[in-house]
Amino acid sequence: MWRKTLCIDFDGVIHSYTSGWQGATIISDPPVAGAFDWLDTLIDEYEVCIYSSRSKDVGGIEAMRDWFVAYAYDPQDLEFPTEKPAAHLTIDDRAICFRGTFPSILEIEHFKPWYK
């Protein structure tokens with residue numbers, strides 16, 4: 001059965017990312033509260049792809065998989081593509097939803113993710 005694809009950013013959406021970038025294989029922070037329960041509601045209906053800038057780096061995907069296991073979440077039903085997949089929807093903490101009007105330079109310069 002074909003399922004729509006959700007592309008979910010790892011850092012700042014699943015992984016709390018409070019320590020910031022420390023390298024592709026270093027994932028220091030805990031999950032965002034409720035992230036695993038939320039993923040569980042999605043996996044039966046969607047192909048859930050976890051994607052990050054670390055996905056392209058050697059060891060990045062393995063580090064994300066290991067992080068899930070370290071927090072007692074089995075990542076077997078999740079996909080970890082090496083390139084950003086074509087998706088029905090992308091969920092990312094560092095994005096502006098394009099609604100037909102281009103953001104101004106000021107909006108771009110002052111953008112902040114939810115956790116800042």
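The values are calculated or read from the model by the stated rules, or taken from the named source; none is laboratory data. These figures come from a predicted structure and were not determined experimentally. Neighbour counts are summed over all protein chains in view; Cβ atoms, including those assigned to glycine, are modelled from backbone coordinates with ideal geometry.
Things worth noting here:
- Among the residues making up region 33-45, those that are more than 19 Å from Asp93 (Cβ to Cβ) and of a type outside the set (Val, Ile, Thr) are Asp40, Asp44, Glu45.
- Condition check for Asp29: of a type outside the set (A, V, I, L, M, F, W, C), closer than 15 Å to Phe68 by Cβ, modelled with pLDDT of 95 or more and in contact with a strand residue (DSSP E or B) (Cβ under 8 Å, 6 or more places away or on another chain): yes
Results for (1) touching a residue at least 24 places away in the same chain (Cβ under 8 Å); (2) in contact with a Cys (Cβ under 6 Å, 6 or more places away or on another chain); (3) under 22 Å from Trp114 (Cα atoms); (4) of a type outside the set (S, T, N, Q), shown as yes or no for each residue.
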{"position": "Leu6", "(1), (2), (3), (4)": "yes, no, yes, yes"}
{"position": "Gly20", "(1), (2), (3), (4)": "no, no, yes, yes"}
{"position": "Ser28", "(1), (2), (3), (4)": "no, no, yes, no"}
{"position": "Val32", "(1), (2), (3), (4)": "no, no, yes, yes"}
{"position": "Phe36", "(1), (2), (3), (4)": "yes, no, yes, yes"}
{"position": "Cys49", "(1), (2), (3), (4)": "yes, yes, yes, yes"}
{"position": "Gly59", "(1), (2), (3), (4)": "yes, no, no, yes"}
{"position": "Ala63", "(1), (2), (3), (4)": "yes, no, no, yes"}
{"position": "Asp74", "(1), (2), (3), (4)": "no, no, no, yes"}
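- Where Pro85 falls short, out of the listed (1) surrounded by 14 or more Cβ atoms within 10 Å (Cβ to Cβ); (2) assigned to a loop (DSSP other than H, G, I, E, B); (3) more than 13 Å from the chain's Cα centre (by Cα): (3)
- Every test in (1) touching a strand residue (DSSP E or B) at 6+ places or on another chain (Cβ under 9 Å); (2) surrounded by 13 or more Cβ atoms within 10 Å (Cβ to Cβ); (3) in contact (Cβ under 8 Å) with a residue 40 or more places away in the chain; (4) not hydroxyl-bearing (Ser, Thr, Tyr) is passed by Asp11 save one, and that test is (1).
Residue-wise test of (1) under 20 Å from Trp2 (Cα atoms); (2) under 16 Å from the mean Cα position of the chain (by Cα); (3) assigned to a helix (DSSP H, G or I).
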residue: Leu39; (1), (2), (3): yes, yes, yes
residue: Ile61; (1), (2), (3): no, yes, yes
residue: Arg94; (1), (2), (3): no, yes, no
residue: Arg99; (1), (2), (3): no, no, no
residue: Glu107; (1), (2), (3): no, no, yes
residue: Trp114; (1), (2), (3): no, yes, no
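- Subset of region 26-65 that is surrounded by 14 or more Cβ atoms within 10 Å (Cβ to Cβ) and of a type in the set (D, E, K, R) - its residue that is nearest to Phe10 (Cα to Cα): Arg54
- Taken together, Thr90, Thr101 contain a single residue that is surrounded by 11 or more Cβ atoms within 10 Å (Cβ to Cβ) and modelled with pLDDT of 95 or more, which is Thr90.
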